[in-house]
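Notes follow once the structure below has been shown.
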Amino acid sequence: MSVIYVLWLRELKRYVRSRVQIVASLGQPMLYLLALGFGMGPIFEKAGQGSYIQFVAPGIIAMTVLFSSIFSGMGLLWDRQFGFLKETLVAPVPRIQIMLGRTLGAATVAMCQGFLVAMICLAAGFRAHDLAMLPLALGFMALIACLFSALGTAIGSALENIQGFQMIMNFLVLPIFFLSGALYPLGNLPAGLRVATRLDPLSYGVDGLRSTLIGVSHFGLATDALVLIVGTILFLLLGRHLFSKIQV
Amino acid sequence: MIQVSDLVKKYGDFTAVDHISFSVPKGEIFAFLGPNGAGKTTTIKMLTTLLEPTGGGLEIDGLDPRRSGTHVRQRFGIVFQDPSLDGDMTAQENMEMHGVFYHVPRKVRTERTESLMRQFELWERRNDQVKLFSGGMKRRLEIARALLHTPKILFLDEPTLGLDPQTRNQLWTHVKELNRTEGVTVFLTTHYMDEAERVAHRIAIIDHGKIVAQGTPEELKQQTGTTSLEEAFLALTGSTIRDEAATSADQFRQMAKLWGKR
């Protein structure tokens, strides 16, 4: 237990200490929120869908949590190359504890980032429809964070070096984001896109956030939660398997 | 303390470690010497449970690393060839984490951290992030950390690589001192023959995965009819230069430098 705790704490300390990185990583979500939010606003309203800022804010929060958790999970790659991973692998500790500590740490960091972006959304004029639903929204953020941290750790365990990073970014992380409905409503999509969005786990995260924050849901809360929980378990199992295979 | 018999490690057709046998009794300082790519690090990795041997017998303090990995890990401390500290954390936090990994009770952990860090002259800098440390300080911290859980064996894989003579000297003085006072068995590799001659009780020379000679420094010199260990080493391993292929880790470090991270 204490091993999981110190590794979790380590991720948090590293996050708090890299202030420049915190600010830098807020740039992208802010750009999406402000440029896209206000840029698409008029046309979205004309289409009879209401405020685009209201609609897109949960998507941007989900995006932040997605990016942050995958990258934190893949921080494993840096540790592999800078050696600290060896220190943990040679310790008399079951690997599953090391993996869990790292994953939970990455998820917590992602939650913090998501929370910061949520504050920015508030400043940009976003308003939650029902404050009583906020704890549930936080729960969905946590689920998204856990699911993608587990995926990030799994990827970090499988990759030998950072060369594959661009691949992961372009062929996994960005598709997960763009196919999640973070930026557009999931109704009335062409058949191909509809299938793709349904296969994307983030779709259910965005939908969960949207239904708790602005009261608009596509799949329904129960489905959202169920898919995210099952996905998290599957990725954790995959991560455990790949992490146990690491040789240094 | 360490028993190795007919140990083999193959990668496909390539035999990195080829039926080597040796034993290191308790309290001895044992040096493992060899040119680049001779199989030193591979052997250390097998002894320290990081790599699965292809065949042969292996015993650490009477335990087989393959069967009782966790118990074996608790018994040794290791300083790797490459750095293995967390640069973003402070020196003390690095020690603290190690203590938790090795189940050292909190009270002992705090006391021993302080005494080891004082001994290695790092206590004043305990609250600094390790990335601000010099190469020598990092090395000292790694050795201090490896000793935190009072291991029975200390593995040192080229611990003085890239250090200045002052730091090297100080480091070996510490190691000898520890060996004398705490009776720690030391298994080390180095490229500096003078170091091996100075600290090691016994030496094994490995080349192309095979042990070509072992004995005390005196015995090795007698055996080859040479006057220094360096000459003995060259007489045993020849003077051809060995090239190691750059690993993905090396390539990555190069790239990381370009990226400017740390």
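Kindly establish whether B:D128 is out of contact with any Gly (no Cβ under 6 Å at 6 or more places or on another chain), within 14 Å of chain A (Cβ to nearest Cβ) and within 22 Å of B:T42 (Cα to Cα).
No; evaluated as a whole, the condition is false for this residue.
Are any of the residues in the stretch A:53-65 within 21 Å of A:L237 (Cα to Cα), surrounded by fewer than 24 Cβ atoms within 10 Å (Cβ to Cβ) and more than 9 Å from every other protein chain (Cβ to nearest Cβ)?
No, every residue in the stretch A:53-65 fails to be within 21 Å of A:L237 (Cα to Cα), surrounded by fewer than 24 Cβ atoms within 10 Å (Cβ to Cβ) and more than 9 Å from every other protein chain (Cβ to nearest Cβ).
Consider the stretch A:82-135. How many of its residues are charged (D, E, K, R) and within 13 Å of chain B (Cβ to nearest Cβ)?
The initial filter retains those residues of the stretch A:82-135 that are charged (D, E, K, R), namely A:86-87, A:95, A:102, A:127, A:130.
Subsequent filtering for residues that are within 13 Å of chain B (Cβ to nearest Cβ) retains A:86-87, A:95, A:102.
The qualifying residues number 4.
Could you check the stretch B:78-103 and list, in sequence order, the residues that are away from chain A (no Cβ under 11 Å) and either without any contact (Cβ under 8 Å) to a residue 24 or more places away in the chain or not polar (S, T, N, Q) (or both)?
B:A91, B:M95
Only one of A:I144, A:I155 is within 17 Å of A:A118 (Cβ to Cβ), in contact (Cβ under 8 Å) with a residue 40 or more places away in the chain and out of contact with any Pro (no Cβ under 8 Å at 6 or more places or on another chain); which? Show your work before the answer.
Details: A:I155 fails: within 17 Å of A:A118 (Cβ to Cβ).
The unique qualifying residue is A:I144.
If you check every pair at least six apart or on different chains, which have Cβ atoms under 7 Å apart with a residue in the stretch B:146-174 that is over 12 Å from B:G136 (Cβ atoms) first and a residue that is among the charged types (D, E, K, R) second?
Close Cβ pairs satisfying both conditions: B:L148/B:R112; B:P151/B:R75; B:K152/B:D61; B:K152/B:R75; B:I153/B:R75; B:W172/B:E195; B:W172/B:R198.
Scan the stretch B:51-73 for residues that are within 9 Å of chain A (Cβ to nearest Cβ) and crowded, with 21+ Cβ neighbours inside 10 Å and jot them down.
B:V72, B:R73
Check off (1) within 14 Å of chain B (Cβ to nearest Cβ); (2) free of Cβ contacts under 8 Å to residues at least 60 places away in the same chain for A:L174 and give me the number that stays unchecked.
(1)
Of all residues in the stretch B:93-121, which are outside any helix (DSSP H, G or I), over 19 Å from the mean Cα position of the chain (by Cα) and of a type in the set (F, W, Y)?
Correct list: empty.
Quick check, is A:F84 more than 30 Å from B:M97 (Cβ to Cβ) and of a type in the set (F, W, Y)?
no
So in the stretch B:1-40, with the set limited to residues that are surrounded by fewer than 16 Cβ atoms within 10 Å (Cβ to Cβ) and of a type in the set (S, T, Y), which one is nearest to B:L236 (Cα to Cα)?
B:S21
What about B:F252, is it of a type outside the set (D, E), under 20 Å from B:S84 (Cβ atoms), buried (at least 18 other Cβ atoms within 10 Å of the Cβ) and modelled with pLDDT under 85?
So B:F252 passes the test.
Checking the condition basic (K, R) and within 23 Å of A:S25 (Cβ to Cβ), which residue from A:R95, A:R127, A:R80 passes?
On the way: A:R95 fails: within 23 Å of A:S25 (Cβ to Cβ); A:R127 fails: within 23 Å of A:S25 (Cβ to Cβ).
So the residue among A:R95, A:R127, A:R80 that is basic (K, R) and within 23 Å of A:S25 (Cβ to Cβ) is A:R80.
Mind checking whether some residue in the stretch B:95-111 is of a type in the set (F, W, Y), surrounded by 14 or more Cβ atoms within 10 Å (Cβ to Cβ) and out of contact with any His (no Cβ under 9 Å at 6 or more places or on another chain)?
So in the stretch B:95-111, the residues of a type in the set (F, W, Y) come out as B:101-102.
Those left that are additionally surrounded by 14 or more Cβ atoms within 10 Å (Cβ to Cβ): B:101-102.
Filter once more, keeping what is out of contact with any His (no Cβ under 9 Å at 6 or more places or on another chain): none.
There is no residue in the stretch B:95-111 that is of a type in the set (F, W, Y), surrounded by 14 or more Cβ atoms within 10 Å (Cβ to Cβ) and out of contact with any His (no Cβ under 9 Å at 6 or more places or on another chain).
I need the full set of residues from the stretch A:13-34 which are surrounded by 14 or more Cβ atoms within 10 Å (Cβ to Cβ) and more than 10 Å from chain B (Cβ to nearest Cβ), in order please.
Passing the criteria: A:I22, A:S25, A:L26, A:Q28, A:P29, A:M30, A:Y32, A:L33, A:L34.
Do we have A:L85 as in contact with an Asp or Glu (Cβ under 8 Å, 6 or more places away or on another chain) and either surrounded by fewer than 24 Cβ atoms within 10 Å (Cβ to Cβ) or among the polar types (S, T, N, Q) (or both) here? Give the steps one after another, and end with the answer.
Values: in contact with an Asp or Glu (Cβ under 8 Å, 6 or more places away or on another chain): yes; either surrounded by fewer than 24 Cβ atoms within 10 Å (Cβ to Cβ) or among the polar types (S, T, N, Q) (or both): yes.
Yes: the conditions hold for A:L85.
Does A:G37 meet the test of being within 14 Å of chain B (Cβ to nearest Cβ) and either touching a Leu at 6+ places or on another chain (Cβ under 9 Å) or in contact (Cβ under 8 Å) with a residue 24 or more places away in the chain (or both)?
So A:G37 fails the test.
The values are calculated or read from the model by the stated rules, or taken from the named source; none is laboratory data. Just so it is clear, the structure is predicted and the values come from calculations on it, not from any experiment. Cβ sites come from the backbone with ideal geometry, for glycine too, and all protein chains shown count toward neighbours.
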